[in-house]
Every structure is written in structure tokens, then in C-alpha cells.
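The values are calculated or read from the model by the stated rules, or taken from the named source; none is laboratory data. All of these numbers come straight from a predicted model, not from anything done at the bench. For accessibility, only protein heavy atoms count, side chains too; no ligands or nucleic acids. Shrake-Rupley method; radii C 1.70, N 1.55, O 1.52, S 1.80 Å.
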Amino acid sequence: RNSRAALFDGIEEGGIRSSSYSHEIDEQENDRAIDGLQDRVAMLKRLSGDINEEVDAHNRMLDRMGNDMDTSRGVLSGTMDKFKMVFEKKSSRSMFTLVASFVVIFLVIYYLTR
């Protein structure tokens, strides 16, 4: 029975192979798989580092844009306050005259360019 077990010990899928030869092949395949995994891990590490740098750059840009928008909002608010003061001081008759003159000038320019 031992001789029979020794005879069929090397049989695997795909035919008969000696156990030391198959062990070497398995080790080589494992080494290649490990090398492939190491390459993939290194690539993913570089990719995640690049993504991190890109996200940081975008966050800095968004912060600058937010600050610029706050500054613009302040300037615009000040300008609107000045317009309100000017319109409150003007009488309704002078405001009507100003608006009517702008409309007339616009119509004259429109007919001249037409």
C-alpha cells in the first residue's frame, strides 16, 4: 500500500509532476504574484499621494475664492449703501428726469446705429 501511495503521490491536475518540481514552480509563481502585488501597492501609494496633493491644492484655491467673495460682498454692500443714500437724498422729480434722459439718450443712439 505504501508503494502505491508513493506512486500516485505526484499526480495532480494536469498530469504527473514530481513534488519538488511543482514546489519550485509554485514558489516562482508566488514570487511573481508578490512582485506584482508590490508594484500595484506602490502604484496605489503614488496615486493616493497625488490625489492628496490635488485635494490640498483645490482646498487652498477654494479658500482663496471664499475670501475673495467675502471681500467682494463687502465692497458691493458698501456701494449699495452709497446708492441708497444718493437715491434717498434725490427728489422723485429729479430722479424721473434722470431716468427719462437716459431713456432718450438710449433711443437716440439706437436710431442712429440702426
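So which of V104, V75, V55 ends up being open to solvent by 80 Å² or more (accessible area, probe 1.4 Å), in a helix (DSSP H, G or I) and modelled with pLDDT of 90 or more?
Values: V75 fails: modelled with pLDDT of 90 or more; V55 fails: open to solvent by 80 Å² or more (accessible area, probe 1.4 Å).
Every option except V104 fails the conditions.
Inspect all residues belonging to segment 19-41 and state whether any of them is open to solvent by 90 Å² or more (accessible area, probe 1.4 Å), of a type outside the set (K, R) and at pLDDT below 75. Within segment 19-41, one or more residues are open to solvent by 90 Å² or more (accessible area, probe 1.4 Å), of a type outside the set (K, R) and at pLDDT below 75.
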